[in-house]
Amino acid sequence: MEIGQKVKVFRLRDRVSPPIVKKLGQVGIIQGYKVIDAGIGVVVLFEDNTSTWFFEDEIKPV
């Protein structure tokens, strides 16, 4: 996956806060990457100007 690519959140691996759960099914644009203990996360920017990171297996290209 590349920066600038449109992706859709299709699953959540872990328990997360309600604002993140609302992102399920939404489309956003990859803004960057985040180094985490389990590897690399993908930072996604949404239309409402919020961003959060996801594991690569939680999103898919649109």
**Fill in**
Checking 36, 40, 20 in turn, the sole residue that is of a type in the set (A, V, I, L, M) and within 11 Å of the chain's Cα centre (by Cα) turns out to be 20
**Prompt:** Do we have any residue at all in the range 11-21 that's in a loop (DSSP other than H, G, I, E, B), closer than 19 Å to residue 62 by Cα and among the small types (Gly, Ala, Ser)?
**Reply:** no
**Message:** I need the full set of residues from the range 22-47 which are part of a loop (DSSP other than H, G, I, E, B) and either under 17 Å from residue 62 (Cβ atoms) or aromatic (Phe, Trp, Tyr) (or both), in order please.
**Reply:** 23, 24, 25, 26, 47
**Request:** Considering each of 44, 16 in turn, give the residue that is without any contact (Cβ under 8 Å) to a residue 60 or more places away in the chain and buried (at least 16 other Cβ atoms within 10 Å of the Cβ).
**Result:** 44
**Prompt:** Where residues in the range 19-41 are of a type outside the set (A, V, I, L, M, F, W, C) and in contact with an Asp or Glu (Cβ under 9 Å, 6 or more places away or on another chain), which of them is surrounded by the most Cβ atoms within 10 Å (Cβ to Cβ)?
**Reply:** 28
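Residues checked against (1) among the basic types (Lys, Arg); (2) modelled with pLDDT of 95 or more:
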{"residue": "10", "(1), (2)": "no, yes"}
{"residue": "15", "(1), (2)": "yes, no"}
{"residue": "21", "(1), (2)": "no, no"}
{"residue": "28", "(1), (2)": "no, yes"}
{"residue": "32", "(1), (2)": "no, yes"}
{"residue": "39", "(1), (2)": "no, no"}
{"residue": "46", "(1), (2)": "no, yes"}
{"residue": "55", "(1), (2)": "no, no"}
{"residue": "58", "(1), (2)": "no, yes"}
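The values are calculated or read from the model by the stated rules, or taken from the named source; none is laboratory data. None of these values were measured; they are calculated from a predicted model. Cβ sites come from the backbone with ideal geometry, for glycine too, and all protein chains shown count toward neighbours.
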